[in-house]
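Report on the structure given below.
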Number of protein chains: 2
Amino acid sequence: MTSLECPVPYTENERLLLGHGAGGRLTAELLESLVLPSFGPREGPLEDAALLPGSGHLVMSTDTFVVSPLFFPGGDIGSLAVHGTVNDLAMRGARPVALSVALLLEEGLELTELKAVLRSLGEAAQEAGVPVITGDTKVVGRGAADKVFITTTGVGRLLPGLSVSAAGARPGDAVLLSGPIGLHGTAVLSTREGLGFEVDIASDTRPLHRPVAALAGLGSGVHALRDPTRGGLAAALNEIARDSGVPVEIDEQALPVPAPVAAACDLLGLDVLHVANEGCMVAFVAPGAAEEALAVLRSLPEGREAVRIGEVPPAGGHPGRVVLRTAVGARRVMDMPVGEQLPRIC
Amino acid sequence: MTSLECPVPYTENERLLLGHGAGGRLTAELLESLVLPSFGPREGPLEDAALLPGSGHLVMSTDTFVVSPLFFPGGDIGSLAVHGTVNDLAMRGARPVALSVALLLEEGLELTELKAVLRSLGEAAQEAGVPVITGDTKVVGRGAADKVFITTTGVGRLLPGLSVSAAGARPGDAVLLSGPIGLHGTAVLSTREGLGFEVDIASDTRPLHRPVAALAGLGSGVHALRDPTRGGLAAALNEIARDSGVPVEIDEQALPVPAPVAAACDLLGLDVLHVANEGCMVAFVAPGAAEEALAVLRSLPEGREAVRIGEVPPAGGHPGRVVLRTAVGARRVMDMPVGEQLPRIC
């Protein structure tokens, strides 16, 4: 188990904060200090999906979706619940085999709304080629939940030839990003707050198992994959840097930030590096495989705008630290986000 | 897909009721009319767990737990979340291989309370011999959830020699029950309402994979298993009768109802046949295997009070109908519960 610097022991009467669920440092502390110790010893880094004991080639991942509002430009909680779990499997190098869907519904929900969510979920599953094989439906009284929460759990089969892990990044690796950042978080927030950006911004929510399958052709040249969801690109890069024990350097100018996203972040005081995405991924690949990996990604709609954003320095640097090289040549640490800037974004 | 008699098409503006989550007829209607059609075609009856495509021997099950209060005599939401999913796998004839745990937490929850829930969950998993291999933690704002909801998903491996299904009951089968009914629901309700029964009643929550593994020794003599959770014994028996297309007859006098449970049900106006259980199961076994199955169950602590409660008539009767033979020789239909008598019981 990778220990955090300064894990905070919780004191009596301490209460849960929204930030504990934000995917940043507070989440990591909660996991390391309270959640994971309850489940007994664990080996290796926290991955997006875990190997099923005894199977050798099957992985499992689970995610609860609480996004508000239920419908937003580019998607809804139903499609998001499929994409999120398919992507967690994909980031482990697996293609999705089956999904389970657990619905937690609030009394009084309009059935037409539920139907629209479920239709979208079913279509997303079909589009991703993964069957929903089992499920559960619970209803709680008014005020005990907020409309619809969905937990999807996926089982996936590891792609032959691909062996990726958050601990797999190595000195010299190129850091690739499959598409623009900041779309999902700003689309949801803009809809929720009625800010009007929603005409220009749509969530990037999409399944990523196809580009991952395409990358599998590069075999051992692909070292680490992660989709920058909660906590954004900053959290994803920091997790890989930490778990791999390598420094990471990113060129700020290389980061693809759509103009409407930049404008929304400026207005809202958000750091785009912390904003959740649901349809792009970072890939750490061997330097000799970088060009081919980029070409593979760009050949698919999901990776059409793939770019190289940085690298793991071949030597030197501070292991576990992510550094941003700015346009004017300055260098600043890209920290793990601490708490919550956008609650209920996924 | 088994079609219900008179599925109700939902009208515009119709809203979700608590009863839609109660495990009875309203739940079945919601599933058949709205939920399942969204997920595409399905073959065979609804089981507690579904076969993983392409594996041949692995099954998957998911369940969200919303019990209130979090702690009750005999258990808590943490242990219940393990037992419930282990049992769904067991009822399909599988031993648990791995669990995922998705936490949905309300801002402001006391961390000591969360810790107690997770410790119990971890201990229950360890006691059942199943590792928690992956998870997720989401936090929503105050008032958007009620303290702690837990979704557990389990993968299990089918026990060799055992082939059970809700559609497997046959004419002549003996109907066995592994222990007393009504304890879980009345324990939770009594605690919630402060009725004082909690000194005499404790939930029966426990894992049932060991008695199922023991029954596997009887091989093809075991036809159908189900744990009577939401909707109680009446729902479990009606589901098997419906999916197997057989009549079922139950002796009221043979039903093991603890005196404090009977008293609580009398006071609260509950039908004990509809009250949720979390630690007993019904087994439909070939007539020739009934005595041995009872002996096997009684040899284990989980089945110490196992009894024969009825049978599938060798001939005659109305397929899909469950009939209760009362003490005075009368016969009445044991209906599927319609709606909700005990919300948030599991």
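The values are calculated or read from the model by the stated rules, or taken from the named source; none is laboratory data. What you are looking at is a predicted structure, and each value in this text was computed from that prediction instead of being measured. Every residue, glycine as well, gets a Cβ built from its backbone with ideal geometry; the counts of neighbours run over all protein chains shown. The area values use the complete protein model at the heavy-atom level, side chains included, leaving out ligands, DNA and RNA. Shrake-Rupley method; radii C 1.70, N 1.55, O 1.52, S 1.80 Å.
Once the range B:176-209 is narrowed to residues that are modelled with pLDDT under 95 and charged (D, E, K, R), the residue that is surrounded by the most Cβ atoms within 10 Å (Cβ to Cβ) is B:Glu198.
The set of residues in the range A:97-110 that are open to solvent by 10 Å² or more (accessible area, probe 1.4 Å) and under 20 Å from the mean Cα position of the chain (by Cα) contains only A:Val97.
Residue pairs whose Cβ atoms lie under 9 Å apart, separated by 6 or more positions or on different chains, with the first residue in the range B:250-271 and hydroxyl-bearing (Ser, Thr, Tyr) and the second open to solvent by 30 Å² or more (accessible area, probe 1.4 Å), do not occur.
Comparison of B:Arg230, B:Arg242 shows that the only residue that is modelled with pLDDT under 95 and among the charged types (D, E, K, R) is B:Arg230. Regarding A:Thr134, is this residue more than 24 Å from A:Leu294 (Cβ to Cβ) and outside the structural domain of A:Val97 (by TED's automatic domain parsing)? When the stated conditions are applied, A:Thr134 does not pass them. When the range A:107-121 is filtered for residues that are touching a residue at least 40 places away in the same chain (Cβ under 8 Å) and within 7 Å of chain B (Cβ to nearest Cβ), the ones remaining, listed by number, are A:Leu118, A:Arg119, A:Leu121. Please verify whether A:Ala276 is within 20 Å of A:Thr205 (Cα to Cα), surrounded by 19 or more Cβ atoms within 10 Å (Cβ to Cβ) and out of contact with any Asp or Glu (no Cβ under 7 Å at 6 or more places or on another chain), treating the condition exactly as stated. So A:Ala276 passes the test.
Looking across the range A:324-346, the residues that are more than 14 Å from chain B (Cβ to nearest Cβ) and open to solvent by less than 20 Å² (accessible area, probe 1.4 Å) come down to A:Leu324, A:Met334, A:Pro337. The single condition among (1) within 26 Å of B:Ala28 (Cα to Cα); (2) touching a Pro at 6+ places or on another chain (Cβ under 7 Å); (3) touching a residue at least 60 places away in the same chain (Cβ under 8 Å) that B:Ala224 does not meet is (2). Going by what's in this entry, would A:Leu80 be described as of a type in the set (A, V, I, L, M), more than 7 Å from chain B (Cβ to nearest Cβ) and not in a helix (DSSP H, G or I)? Spelling it out, it is not the case that A:Leu80 is of a type in the set (A, V, I, L, M), more than 7 Å from chain B (Cβ to nearest Cβ) and not in a helix (DSSP H, G or I). In the set A:Ala224, A:Ala236, A:Ala241, which member is closer than 18 Å to A:Ile345 by Cα, open to solvent by less than 10 Å² (accessible area, probe 1.4 Å) and outside any loop (DSSP other than H, G, I, E, B)? Exactly one residue qualifies, and that residue is A:Ala236. Here are B:Gly161, B:Gly129, B:Gly143: which of them is open to solvent by 20 Å² or more (accessible area, probe 1.4 Å) and modelled with pLDDT under 95? After ruling out the rest, the residue left standing is B:Gly161. Entry remark, the range A:289-322: residues being hydrophobic (A, V, I, L, M, F, W, C) and open to solvent by 20 Å² or more (accessible area, probe 1.4 Å) number 5 in total.
Among residues of the range A:52-81 that are in contact (Cβ under 8 Å) with a residue 12 or more places away in the chain, those with a beta-carbon under 7 Å from a residue that is assigned to a helix (DSSP H, G or I) and among the basic types (Lys, Arg) at least six positions away or on a different chain give the pairs A:Ser68/A:Arg192; A:Pro69/A:Arg192.
Could you tell me whether any residue of the range B:160-174 is on the phi > 0 side of the Ramachandran plot and touching a Pro at 6+ places or on another chain (Cβ under 8 Å)? Yes, the range B:160-174 contains at least one residue that is on the phi > 0 side of the Ramachandran plot and touching a Pro at 6+ places or on another chain (Cβ under 8 Å). Taken together, the residues in the range A:111-137 that are over 24 Å from the mean Cα position of the chain (by Cα), of a type outside the set (Val, Ile, Thr) and not in a helix (DSSP H, G or I) amount to 1. Scanning the range B:158-179 for residues that are in a strand (DSSP E or B) and either within 14 Å of chain A (Cβ to nearest Cβ) or under 30 Å from B:Ser120 (Cα atoms) (or both) yields B:Leu158, B:Leu177.
Taking the range A:31-49 as the range and being outside any loop (DSSP other than H, G, I, E, B) and touching a residue at least 12 places away in the same chain (Cβ under 8 Å) as the test, the residues that pass are A:Leu31, A:Glu32, A:Ser33, A:Leu34, A:Leu36. Selection within the range B:46-75: residues that are open to solvent by 20 Å² or more (accessible area, probe 1.4 Å) and over 19 Å from B:Gly156 (Cα atoms). The member of this set that is farthest from the other protein chains (Cβ to nearest Cβ) is B:Pro73. Kindly evaluate A:Val155 against the criterion of being farther than 30 Å from B:Asn13 by Cβ, at pLDDT 95 or above and either open to solvent by 10 Å² or more (accessible area, probe 1.4 Å) or more than 7 Å from chain B (Cβ to nearest Cβ) (or both). Against the criterion (farther than 30 Å from B:Asn13 by Cβ, at pLDDT 95 or above and either open to solvent by 10 Å² or more (accessible area, probe 1.4 Å) or more than 7 Å from chain B (Cβ to nearest Cβ) (or both)), A:Val155 does not qualify. Taken as a whole, the structure leaves B:Thr191 outside the set of residues that are in contact with a strand residue (DSSP E or B) (Cβ under 7 Å, 6 or more places away or on another chain) and within 12 Å of another protein chain (Cβ to nearest Cβ). Restricting B:Pro256, B:Pro314, B:Pro337 to residues that are under 22 Å from B:Ser220 (Cα atoms) and assigned to a loop (DSSP other than H, G, I, E, B) narrows the list to B:Pro314. Can you spot a residue in the range A:140-155 that is free of Cβ contacts under 8 Å to residues at least 12 places away in the same chain and in contact with a Lys or Arg (Cβ under 9 Å, 6 or more places away or on another chain)? So far as the range A:140-155 goes, no, none of its residues is free of Cβ contacts under 8 Å to residues at least 12 places away in the same chain and in contact with a Lys or Arg (Cβ under 9 Å, 6 or more places away or on another chain). Of the residues screened, A:Glu305 is one that is charged (D, E, K, R), assigned to a loop (DSSP other than H, G, I, E, B) and either closer than 30 Å to A:Val148 by Cα or out of contact with any Asp or Glu (no Cβ under 6 Å at 6 or more places or on another chain) (or both). Condition check for B:Ala90 on (1) more than 7 Å from every other protein chain (Cβ to nearest Cβ); (2) part of a helix (DSSP H, G or I); (3) in contact with a Gly (Cβ under 8 Å, 6 or more places away or on another chain); (4) open to solvent by 10 Å² or more (accessible area, probe 1.4 Å): one failure, at (4).
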